[in-house]
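**Q** Structure incoming, see below.
The values are calculated or read from the model by the stated rules, or taken from the named source; none is laboratory data. Please read these numbers as outputs of a predicted model, since none were measured by experiment. Here the Cβ is made from the backbone with ideal geometry for all residues, glycine too, and neighbour counts use every protein chain on show. The accessibility values were calculated without ligands, DNA or RNA, using every heavy atom of the protein model including side chains. Shrake-Rupley method; radii C 1.70, N 1.55, O 1.52, S 1.80 Å.
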Amino acid sequence: MLNKTRIHFTLLFIFIALPFTQILAQDQIKTGTNIGAPIRLAASDFKQANADPANGPLLSAFNQTLWSDLDNAGIFEMVAKSFYPSGTPGAPSDINLSAWGNPPVNAAMLAFGNLGAASGKVTVQGWLYDVKNTSSPQVLGKEYREDASTDNARLIAHRFANEIITRLGGIPGVAETKIYFISTRSGHKELWTMDYDGANQHQLTHLDSIALSPRVSPDNSRVAFSALGSSWQIRMYSLDLSRMVSFPHFGGGNYSPAWSSDGTKLAFSSSMGTGSSDIYIADSTGAAPRRLTTGKTDVSPVFNPKTNTQIAFVSGRSGLPQIYIMDADGSNVQRVTDQGYAVSPSWSPNGLLLAFSWVRHYGPGIPGGADLYVMDVASRQIVQLTHDGGRNDFPSWSPDGRHIVFQSTRSGTEQVWSVLADGTHLQQLTREGRNTQPNWSYR
Amino acid sequence: MNYCKKHWTLILGSLVLLMMVSGCKKKPPPTPPAPPPKPVTATLSANPTSITAGQPSTLTWSTDGADDVTLDGQKVNVSGSQTVQPTETTTYHLAAKGAGGTQEATAQVSVAQPTPAPTPQPTPQPTATDEQVFAQAAQDIYFDYDKADLRPQSQQIISHLAEVMKAHPNWKVQIEGNCDERGSTEYNLALGTRRADAATQALTQAGVPADDLKTISYGKEKPVCTEANDDCWQRNRRDHFTLTQH
């Protein structure tokens, strides 16, 4: 069983790693590492560029965030700071390449730079060096300037980390992405947002009702969700205007909106037609809703973001809920899970994988220990992602396809966690109140 | 209807009796006067004399000097008792006939109605009564795990509620489908919708206008209890009914 799981993990890693290892192979960067293996990266703390007293908290926020972003990226083997040469390098002239390239550091890549506050502004200079390329080591050299605040120090760290991840990983990193989720910490279930790493959490809606199922639009302009008034309706929060904007009301109960990745369509579950819940598709304005399914307990649709020609959803049409896939016109419905209690599908950005929550062996006396699983849609091969840690539900893929954010009761209450798609790097992102239904932004 | 029949029987019986009595008078008296016949006596009583509809009352009678005794036209023993369950106030007639003549006795059983009879023009009922009547009729109905099928007991509750609703055409009722805490938030909203719809379908099939009904699912968002055990889960797998207008 363990071996089989390992094989599956390897397969999964190939699925995920394939797009960027291919790009990596074509790229001209001489990494000095074997293609496909994690790149051994050293990230030195940045040096103070001046003696401004504001530097301390800014530098601390920056260094912490940069390290965390690179560590979270899932493509680096981070070299522990205790192995680094003495003295913090702040500029290229401070670098002794052999000290970084030889044991014990033995780094393939080195990130370093400096930060300085002056006149209310913070300036950061950052470099990425290919340590083994002694003649022309510089891969990146960047300068950033923002109003001096710890939020901006984190923001600059995210940007620089993303540059490094994009350059070495082949596709943009997620350090500047957001997660939208539902939190009870105001006393009501409201829509909240945070940075992908759990920093900068704040409340968006104040409806004093029950908000559920947030889904951010692909252009980051709006968040669709479902809220309880005199009935459940799809509601829209504008991230551009920082307020609710209008969306048509439909009959019956309307739940679980989902955007097509081109932003032109919304799929959702509604009882407007038959009194029981079916999947509908409408323009993203809410115009021209039409029914796609007749399953009576159909909910949680999600588009294949690569093609937008397929929709995965949950249906109780055959008993306990299972995952189904159909064409976006409602034809060609296929059940893809064969047992247990399977809910909350999330389609990976490359269109190849479905993450979902599954009580695989469901039965009387077996408490609801739901775990996350990932299915290769073409082969229907399934890999278990979480193990023995409470109830895990609502997976949502990061735009780079390397991470999954989800809700879990593993800490005792429902909280938002993230994990690399190979099951490693598990991190708790929320702690206050109950936090559920995370949704990762498209960029 | 029975009451009318009784009266007609009574009237017909009296007519026959009158004819017989007058017929007798026409007959010439028989030869030498016989010893005077024993006078006929009859008593009839009801116990209790007041009941509410559906309760029994016992009629007890005794006669003397009679050989033909009828109670409301039905031949009975010269003395005896009988249980009756009239639905309206009724006067019972005992007729005792003997050589010494005929004697009648009556007893009345007054019947109180349990609920006031409907009047031709319905008068608006006080709010409290409507809510009480609704609360009594609209009991929560419960479901099996992951199911939206009505149990036999739920169907009885729905049938009764349908009759009460049809008697109150101004009522509007919201049917609220609920689920236990297990499983996904979104799937439970769909399951709760189906549970509310099951009650709506049954009520409309029983003749309640669809316009008087509104369904809503609370999924697992509004539990009545939060313990993770079978008892609490069962209590949360329910349709709750709310009177929204009356």
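**Q** Using the Cα centre of the protein assembly as shown as origin and beta-carbon charges of +1 (Lys, Arg) and -1 (Asp, Glu), tell me which of A:Ser396, B:Thr58, A:Tyr373 is placed farthest towards the positive end of the dipole.
**A** Checked the options; the winner is B:Thr58.
**Q** Residues of region A:270-313 with the amide nitrogen closer than 13 Å to a label point 7 Å from the Cα of A:Asp327, along Cα-to-Cβ, please.
**A** Within reach of a label on A:Asp327: A:309-311.
**Q** With r as the distance between the Cβ atoms of B:Ser50 and A:Ser318 and R0 = 56 Å, compute the FRET efficiency 1/(1 + (r/R0)^6) and round to 0.05. The partial results should precede the final answer.
**A** Values: r = 63 Å, r/R0 = 1.13.
Computed FRET efficiency for A:Ser318 and B:Ser50 comes out at 0.35.
**Q** Which distance in nm do the two modelled labels at A:Ala378 and B:His160 give, with both placed 7 Å along the Cα-to-Cβ direction?
**A** 6.2
**Q** Report the FRET efficiency, 1/(1 + (r/R0)^6), for A:Ser82 and A:Ser60, where r is their Cβ-Cβ distance and R0 is 25 Å, rounded to 0.05.
**A** Details: r = 18 Å, r/R0 = 0.73.
Efficiency, rounded to the nearest 0.05: 0.85.
**Q** Right, here's the next one. In square angstrom, rounded to the nearest 10, how much accessible surface does A:Tyr196 have for a 1.4 Å probe?
**A** 10
**Q** Quick one, could you list the DSSP H helices from chain A stretching 20 Å or more along their long axis (Cα atoms) with average Kyte-Doolittle hydropathy of 1.0 or above?
**A** Values: long enough: A:2-26 (34 Å, 1.04); A:55-72 (25 Å, -0.36); A:150-169 (27 Å, -0.16).
Passing helices, by number: A:2-26.
**Q** Count the lysine pairs in region A:28-169 whose Cα atoms sit under 25 Å apart, keeping only pairs 8 or more residues apart in sequence or on different chains.
**A** Number of lysine pairs found: 11.
**Q** Which one of A:Asn254, A:Val216, A:Thr205 has its Cα pushed farthest toward the positive end of the charge dipole of region A:178-440, where Lys and Arg give +1 and Asp and Glu give -1 at the Cβ?
**A** Most positive-ward Cα: A:Asn254.
**Q** Moving on to the next point. Please calculate how many Å² of accessible area region A:178-440 carries per residue, with a 1.4 Å probe and no DNA, RNA or ligand atoms counted.
**A** Working: 8810 Å² over 263 residues.
Per residue, region A:178-440 has 34 Å² of solvent-accessible surface.
**Q** Show me the three semi-axes of the equivalent ellipsoid for region A:178-440, from the C-alpha gyration tensor (sqrt of 5 times each eigenvalue), largest first, rounded to whole Å.
**A** On the way: eigenvalues 118, 110, 62 Å².
Sorted largest first and rounded, they come to 24, 23, 18 Å.
**Q** Let me ask something else about it. Tally Lys/Arg at +1 and Asp/Glu at -1 over every other residue whose Cβ is under 11 Å from the Cβ of A:Gly433; what's the total? Walk me through the intermediate numbers first.
**A** Working: positive: A:Arg185, A:Lys189, A:Arg431, A:Arg434; negative: A:Glu190, A:Glu414, A:Glu432.
That sum, taken over residues with Cβ under 11 Å, equals +1.
**Q** With heavy atoms of protein chains only and a 1.4 Å probe, what residues of region B:190-224 have at least 50 Å² less accessible area in the full set of chains than alone?
**A** Residues meeting the cut-off: B:Ala190, B:Thr193, B:Arg194, B:Glu221.
**Q** With the dipole of the protein assembly as shown worked out from charges on the C-beta (+1 for Lys and Arg, -1 for Asp and Glu) around the Cα centre, which of A:Ala421, A:Asn50, A:Met78 lies farthest toward the positive end?
**A** A:Ala421
**Q** Let me know the charge dipole size of the protein assembly as shown about its Cα centre in debye, to the nearest 20, where only the beta-carbon of Lys, Arg (+1) and Asp, Glu (-1) is charged.
**A** Numbers: 56 positive and 60 negative charges, 252 e Å.
That gives a dipole near 1220 debye.
**Q** Beyond 19 Å, what percent of the Cα pairs of region A:28-169 remain? Please list the in-between numbers first.
**A** Working: 4700 of 10011 pairs.
When every Cα pair of region A:28-169 is considered, 47 percent fall beyond 19 Å.
**Q** Sticking with this structure for a sec: If chain A were replaced by its equivalent ellipsoid, with semi-axes equal to the square roots of 5 times the Cα gyration tensor eigenvalues, what would those be, largest first, whole Å?
**A** Values for chain A, descending: 41, 25, 19 Å.
**Q** Kirkwood hydrodynamic radius of region A:214-283 from all distinct Cα pairs, in Å?
**A** On the way: mean 1/r = 0.0818 Å⁻¹.
With all distinct Cα pairs of region A:214-283 included, I get 12.2 Å.
**Q** May I ask for the accessible area buried between chains B and A, both sides summed, probe 1.4 Å, to the nearest 100 Å²? Please list the in-between numbers first.
**A** Numbers: alone 15470 and 18400 Å², together 31660 Å².
About 2200 Å² of accessible surface is lost on pairing.
**Q** Just the number, please: carbon plus sulfur as a percent of the accessible area of chain A, 1.4 Å probe, no ligands or DNA/RNA counted.
**A** Values: 8650 of 17360 Å².
Ligands and nucleic acids excluded, carbon and sulfur give 50 percent.
**Q** Taking the Cα centre as origin and putting +1 on Lys and Arg beta-carbons and -1 on Asp and Glu beta-carbons, what dipole magnitude results for region A:323-390, to the nearest 20 debye?
**A** Numbers: 3 positive and 6 negative charges, 21 e Å.
Value, rounded to 20: 100 debye.
**Q** Still on this structure: Decide, for region A:346-443, between rounded, prolate and oblate: order the square roots of the alpha carbon gyration tensor eigenvalues as a ≥ b ≥ c, take rounded if a/c falls under 1.5, and otherwise choose prolate if a/b is larger than b/c, else oblate. Show your work: numbers first, answer last.
**A** Working: a/c = 2.08, a/b = 1.11, b/c = 1.87.
Oblate.
**Q** Which aspartates and glutamates, on any chain, are close to B:Lys222 with Cα under 15 Å apart, when same-chain ones fewer than 8 places away are left out?
**A** Leaving aside aspartates and glutamates fewer than 8 places away in the same chain, those within reach of B:Lys222 are A:Asp208, B:Asp140, B:Glu176, B:Asp180, B:Glu181, B:Glu186, B:Asp239.
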